[in-house]
1. On the given criteria, is Leu139 modelled with pLDDT of 90 or more, in a helix (DSSP H, G or I), closer than 17 Å to Gln67 by Cα and open to solvent by 20 Å² or more (accessible area, probe 1.4 Å)?
2. Filter the range 163-197 down to the residues that are at pLDDT 85 or above and of a type outside the set (A, V, I, L, M, F, W, C) and list them by number.
3. All but one of (1) surrounded by 14 or more Cβ atoms within 10 Å (Cβ to Cβ); (2) touching a Pro at 6+ places or on another chain (Cβ under 7 Å); (3) not basic (Lys, Arg) hold for Gly194; state the number of the condition that does not hold.
4. Just the residues that are open to solvent by 20 Å² or more (accessible area, probe 1.4 Å) and hydrophobic (A, V, I, L, M, F, W, C), please, taken from the range 108-129.
5. State all residues of the range 118-128 that are under 15 Å from the mean Cα position of the chain (by Cα) and touching a residue at least 40 places away in the same chain (Cβ under 8 Å); if no residue qualifies, say none.
6. Among the residues of the range 153-185, how many are in contact with a helix residue (DSSP H, G or I) (Cβ under 7 Å, 6 or more places away or on another chain) and surrounded by fewer than 12 Cβ atoms within 10 Å (Cβ to Cβ)?
7. Grab the helices (runs of 4 or more DSSP H) fully contained in the range 1-112, keeping just those with 1 or more residues being in contact with a helix residue (DSSP H, G or I) (Cβ under 9 Å, 6 or more places away or on another chain) and in contact (Cβ under 8 Å) with a residue 40 or more places away in the chain.
8. When you go through (1) exposed (fewer than 13 other Cβ atoms within 10 Å of the Cβ); (2) under 26 Å from Glu36 (Cβ atoms) one by one for Ala63, which number turns out not to apply?
Amino acid sequence: MPRFSDNEKEIIRQRLLTEGERLFTMFGLKKVSIDEIITAVGIAKGSFYTFYPSKEHLFMDIAVSQQEKMWSEMDAFLQKHSGLLPRELVKQTFMFMIGQISRYPFIKSIDSDTTDYLFRKLPKEVIEAHTKDDSTELLKLEQYGVCFTCDITVVTKILQMFAVNFINLSQEEEKTRTKIINIMLDGVLKEIVGENK
């Protein structure tokens, strides 16, 4: 096992995140090999495993990092739009977050095939931790008067499904894509968000 100083570890970890993001965005998770990642970073294969047990774990680390940036943007949006009624606030927040995806090509590249692949390859607890993180962020909506009518885990999975489906609609014209999402969101939000503030 190679020994790295704390500084070297941080430099390598950042390079893994940067090069992993670049390669995964360009070629997709399934087509990128660990050999390609280590070549881009300039480390040995054994060194890769010092940081990550698999390329899927690296992929999730990148996804979580980018989602944390998006959640921070959501916080600012919520503060600015706190006067909206609950359903409208959830809808506008979701649409804002979907709009932000274009600023994150890595997140934009995640489609249903990628999520299916991750569900097969990653341990269940990794997926559950990610869902729990998303749920924690969605609970912030309650601070703005949103009352969910079902369990937050169900709400989280519904909105995760919407996000992936929105990305899958990317070949549609923007007007059509927006209309589809608006219709679907309006229907679902009537079921999962209480009406009163």
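The values are calculated or read from the model by the stated rules, or taken from the named source; none is laboratory data. Please read these numbers as outputs of a predicted model, since none were measured by experiment. When we count neighbours, we look across all protein chains shown, and the Cβ atoms used for this are built from the backbone with ideal geometry, even at glycine. The area values use the complete protein model at the heavy-atom level, side chains included, leaving out ligands, DNA and RNA. Shrake-Rupley method; radii C 1.70, N 1.55, O 1.52, S 1.80 Å.
1. Details: modelled with pLDDT of 90 or more: yes; in a helix (DSSP H, G or I): yes; closer than 17 Å to Gln67 by Cα: yes; open to solvent by 20 Å² or more (accessible area, probe 1.4 Å): yes.
Yes; evaluated as a whole, the condition is true for this residue.
2. Glu173, Lys175, Thr176, Lys179, Asn182, Asp186, Gly187, Lys190, Glu191, Gly194
3. So Gly194 meets the others, but not (1).
4. Residues satisfying the conditions are Ile110, Phe119, Val126, Ile127, Ala129.
5. Answer for the range 118-128, where residues must be under 15 Å from the mean Cα position of the chain (by Cα) and touching a residue at least 40 places away in the same chain (Cβ under 8 Å): Leu118, Val126.
6. 0
7. Here the list reads 6-27, 45-51, 55-80, 86-100, 105-108.
8. Ala63 satisfies all of (1) exposed (fewer than 13 other Cβ atoms within 10 Å of the Cβ); (2) under 26 Å from Glu36 (Cβ atoms) except (1).
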